[in-house]
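Since the structure comes first, as structure tokens, the remarks are kept for the end.
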Amino acid sequence: MEARELLITGAVQGVGFRPFVYRLAHELSVGGFVRNDARGVFLRITGPAATLDTFMQRVQSDPRPPARVDGLTVLSRCSESLQEPFQILSSDPLGQPEAVIMADLATCPDCLREINDPANRRHRYPFTNCTHCGPRFSIIQGIPYDRAQTTMRGFTQCPACQAEYTNPADRRFHAQPNACPACGPQLAWWDPAGQVLSQGEYALRAAAQALRAGTIVALKGLGGFHLLCDARNEQAVAALRARKHREEKPFAVMAPTLDAIRACCPVSDEEAALLQSPAAPIVLLAKRPGCAVAEAVAPGNPSLGMMLPYTPLHHLLLQDLGFPVVATSGNLSDEPICTDEHEAVLRLRGLADFFLVHNRPIARPLDDSVARIIAGKPCLLRRARGYAPLPIPLALPAPRSAGAAILAVGAHMKTAVTLLTGSRAVIGPHIGDLDTLEARRAFERAAVDLGTLYATTPSRWACDRHADYASSAFARDHGREVIAVQHHHAHIAAGMAEHGLEGPVFGIAWDGTGLGDDGTLWGGEFLRVARDGYRRLGCIRGFALPGGDHAARKPVWSAVGVLQETFPDQMPGLAVALLGLPEAEVRTLMTVITKRINAPRTSSVGRWFDAVAALTGVCRASSFEGQAAMALEWRVATEQATPYPFDLETESGLLVANLRNMLIALRDDLGKGQSAGLIAARFHVTLAEIAVAMARAQPEKTVVLSGGCFQNRCLTELCIDRLRAAGFTPYWHQLVPPNDGGISLGQAWVAAYVE
């Protein structure tokens, strides 16, 4: 007989892991106990050595998802003469919190069957869950994950729920949000002033009736409020746009079933799997011509962001409706999502006609995650509900993995924070752009929240090198040791961290903007990155960008910038002819450029996308960030187009891709009346050819693609295919966004190696 003490880490709390261990122990006649603690799951097992070996092997290989074992450590072993029956003990709250906090999970099939079964006591109960589904991160307030440390502590379980909760054989054993109609959260239907109109099932029916009538409903969901309306109703969608001050940015759509999504969009096997996964993100899909979804949902956009219901409340409402609804975040544009019903009445009164609310508190806001399939793999564009705060394990060598905690605060746009402890990076949920006071306050709360959950005070902070970013200022004000990381270095480091690459790698970082070492705006970068730092190997040749960062919403400004760079002797007439701008406006922009009045040099590929979109007439004014680049991707007519010519030149020790000849040929295509679709295709192919040409000019065979431009599926897949054909091994983002939502992971990785 032998006794062993084990520590199991990973996604092992709140996912039915202890009942699994209990059943396995009884199956194998293993004695001892299991309990949660601050680190993960602790076990003491007794029995014959061979049996214990089998037990340990199956503990790692057999758990049902979403449970996941990342590590099993044998803390001690000794001989044992007594074997007591295996049992589950109460959690041990002592010690440094290290356990993985699970992300919120979509309703599982078993719970869905129960809410649709008239004979079940949870029939049509909108807060049904078990250890395989339901809220996690949105309700947790401390580690270990026990009911007393969640927002469910105010709901005392009835005898029937308590019996489930304490029965190791039940799938609701220690399901912390466990509840039923007799003891759990309840629905209410409010008017715009917050007056109760109805409750329970009547509230749900009232919401369905209001949506059928074309009104806008604010629904309190899992991680905050949605604004809902009939996605088929042009007038309702237009009203929501006007109230939300969201001119053209696409709305997400929630459909009742996968078949309902298929009626709107073709769905591949990979896309179906992503839609139906426990994370249940919004997935970008191609829109079918003549689809029932109103054009105003995604104006001029050939794609739709579609998702399935992921809570019982959403399932019940969509079942009752039988049609898709717009499900956009409950906020004004650029503000944080509302989480409290009383706050929502104040902030959303002018947006929503009615409120469908409940009394389960939300511990922290969570937007819906957004993903698309790129090169056959899911790629997250926004990492929030369903994924945050699941950690990314890092391949950090000792003593780096034993170093002090690091808090990385991201950049300015699409912000998320990362807490690095040991060899894992805990990435917080998407916060958004830090343009408003409310957004900055939400960012500060999120930064503090991660440290509080893990009872950690980071000794090292990492931020963007741009000193004017609100995130950088926050780090300087609160961090003891602050490490400023160059923006594109962080992008490539994020890709390396995600894929466990030590380097050196050849990094291609293409985005809208990031402050460069030379004070210019980088964004078309070719870097060598290793653990000891980075070196800029090359770039896209820069041009003067009138308006600086403000040009992101003015694609024609980028177009004037590239035309002035290439055809100075033909200006302003050429810009007037190609862009349809008044001559006076062109001359003003030329003056700004020549006198260097807020016209920094930029190598940005994002701004080149803007310029080409403007020159082709695809998009000349943007109402949201990235609109012009998205529009150009949509117009690609074929991926078999011939590339435009370009030159590789050496300037000041850098290999520079000069796009002068590309722009000349593009101008000629415009003069010949070539379609915007063909020009867009040639531009995409040209960028992929530049990526390959630059890669061939250096020795590394491992290539990391990162930056907001690699949200573009067409561009990313062209680069992947051509790099592979040329003998390189490309890596692209899947678990963290390629945009600035992944920046904090790269910052943390870089900071971990700073001496």
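Quick notes
- Of all beta bridges that DSSP places with both ends in the chain, some 75 percent have antiparallel geometry.
- Measuring against 31 Å, Cα to Cα, the residue pairs Lys220/Lys554; Lys672/Lys701; Lys414/Lys595; Lys249/Lys377; Lys220/Lys287; Lys595/Lys701 contain Lys220/Lys554; Lys672/Lys701; Lys414/Lys595; Lys595/Lys701 as the ones spanning a longer distance.
- Here segment 71-227 is treated as an ellipsoid with the same Cα gyration tensor; its semi-axes, largest first and in whole Å, are 38, 18, 14.
- Trypsin sites (Lys or Arg not before Pro), loop per DSSP, at most 15 other Cβ atoms within 10 Å - longest free stretch of the chain: 154-348
- The computed Kirkwood radius over Cα pairs in Å for the structure shown corresponds, within (i) 27.4; (ii) 31.1; (iii) 37.0, to (i).
- Site pair Glu2 and Ala577 shows an inter-label distance of 8.4 nm when each label is modelled 7 Å from Cα along Cα→Cβ.
- A simple charge model with +1 on the Cβ of Lys and Arg, -1 on the Cβ of Asp and Glu and nothing else charged puts the dipole of segment 2-88 at about 260 debye relative to its Cα centre.
- Column: log10 I(q)/I(0), Debye, Cα scatterers of segment 114-190, q = 0.13, 0.27 Å⁻¹: -0.38, -1.47
- Remark: segment 101-366 projects, on average over all directions, an area of 13.8 nm² (convex hull of Cα atoms).
- Those residues of segment 706-734 whose amide nitrogen sits under 18 Å from the label point placed on Ser268, 7 Å along Cα→Cβ: 710-725, 730-734
- Extent along principal axes [Cα atoms of segment 552-644; Å; largest to smallest]: 40, 26, 24
- For segment 626-714, the Kirkwood radius over C-alpha pairs fed into Stokes-Einstein at 4 °C and 1.567 mPa s yields D = 90 µm² per second.
- The residue list Gln640, Thr107, Leu705 was ranked by how far each Cα lies along the charge dipole of the chain toward its positive end, using unit charges on Cβ atoms, and Thr107 comes out on top.
- The ellipsoid equivalent to the alpha-carbon distribution of segment 26-121 has semi-axes of 30, 19, 14 angstrom, derived from the gyration tensor eigenvalues as √(5λ) and listed largest first.
- Dipole magnitude for the chain: about 360 debye, using +1 per Lys or Arg Cβ and -1 per Asp or Glu Cβ, origin at the Cα centre.
- Theoretical ellipticity at 222 nm over the chain - DSSP helices of four or more residues, -39500 (n - 2.57) apiece, nearest 500: -9500 deg cm²/dmol
- Orientation-averaged projected area, Cα convex hull of segment 234-391 (nm²): 9.9
- Residue among Ala272, Leu6, Ala175 farthest towards the positive dipole end of the chain, charges placed on Cβ: Ala175
- Note: segment 538-731, Cα convex hull, 112 Å³ per residue.
- Net charge in the neighbourhood of Asp435 (other residues with Cβ under 14 Å of its Cβ; Lys, Arg +1, Asp, Glu -1) is -4.
Rule-based calculations on the coordinates, nothing more; no lab input. Not measured: the values here are computed from a predicted model. Using ideal geometry, Cβ is built from the backbone for each residue, glycine included, and neighbour counts are taken over all protein chains shown.
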